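Report on one structure; see the data block that follows.
The values are calculated or read from the model by the stated rules, or taken from the named source; none is laboratory data. Given the structure is predicted, the values throughout are model-derived calculations rather than measurements. Here the Cβ is made from the backbone with ideal geometry for all residues, glycine too, and neighbour counts use every protein chain on show.
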Amino acid sequence: MERNNKKITIAIDGFSSSGKSTMAKVLARNIGYAYIDSGAMYRAITLFCIENALIDDSGNVNETELERRIGNVSISFEVNPSSGASEVCLDGRNVEGKIRGMRVSNLVSKVAALPFVRRAMVAQQQQMGASKGIVMDGRDIGTTVFPDAEMKVFVDASAETRAHRRYEELKQKGQIASYDEVYRNVCERDHLDMTRAESPLRKADDAYVLDNSDMTIAQQNAWLMCLYNKIINQ
Ligand code: CDP
């Protein structure tokens, strides 16, 4: 099919560990777009809270102090030269390896529910996508960050499937966690993300739904590419 030069905005939202990032990365690479993992930004802010003793193990945040300091926290992305993947940096330090473990996973949805944190991240995300040609994944990309995105996808899969995928991913990376702990975390984050007051996780009315419970990675990539081709050639 002839490639159209028109640049669009692509928003991929969905439940935790649904495979959004995997498919978003591949699509962005195949079509020459930038890829932004918005969840990595919330994870990096959570790491900032942990490292600066602004959060306790129950997720209680010192909001006054975080709000005072958040304007000076720099979140950026850099490309890993060997893998080609974009990795998140906190105040110029690559923290990709630190943000995926259970400590951050257990606290991130509490931090991400704070309205002033969301405002700061959404403003940065909108700036990153200002000239289109971007694939961004997260929870509120099609509803809040880019409500006018030309292509919106909402990804779902059963909680068990998603917990198995995340458990295998953590095992491969040598991060220690039991399946039960991962399953509990997936369910708890889903609940917190859907019930928070500020831009909760929900499907945008004009999003295409992809349930990839029984799909291989190759199948989901093909599904996404096919949708992109349909939209870009409309
Ligand atoms: O990859 P995984 O599904 O585990 O989650 P993530 O995309 O890394 O996001 C981590 C957490 O950040 C989510 O559970 C949400 O609480 C929060 N998040 C958000 O609130 N809004 C976004 N746009 C992206 C993530």
Exactly one condition in (1) in contact (Cβ under 8 Å) with a residue 60 or more places away in the chain; (2) in a loop (DSSP other than H, G, I, E, B) is false for residue 130; which is it?
(1)
In the set 34, 40, 24, the lone residue that is closer than 25 Å to residue 193 by Cβ, surrounded by 13 or more Cβ atoms within 10 Å (Cβ to Cβ) and modelled with pLDDT under 95 is 34
State whether one or more residues within region 101-120 are touching an Asp or Glu at 6+ places or on another chain (Cβ under 6 Å), outside any helix (DSSP H, G or I) and under 28 Å from residue 149 (Cβ atoms).
no
For region 203-217, give me the residue count where each residue is at pLDDT below 95 and of a type outside the set (Val, Ile, Thr).
5
Contact list, first residue from region 200-226 and charged (D, E, K, R), second anywhere and surrounded by 15 or more Cβ atoms within 10 Å (Cβ to Cβ), beta-carbon distance below 7 Å, six or more apart or interchain, is 202/143; 203/154; 206/152; 211/156; 211/157
Could you please let me know if residue 157 is closer than 28 Å to residue 8 by Cβ, small (Gly, Ala, Ser) and without any contact (Cβ under 8 Å) to a residue 12 or more places away in the chain?
no
Using beta carbons and a limit of 7 Å, which pairs, at least six apart or on different chains, have the first residue in region 30-42 and farther than 27 Å from residue 113 by Cβ and the second one near the ligand (Cβ under 6 Å from one of its atoms)?
none
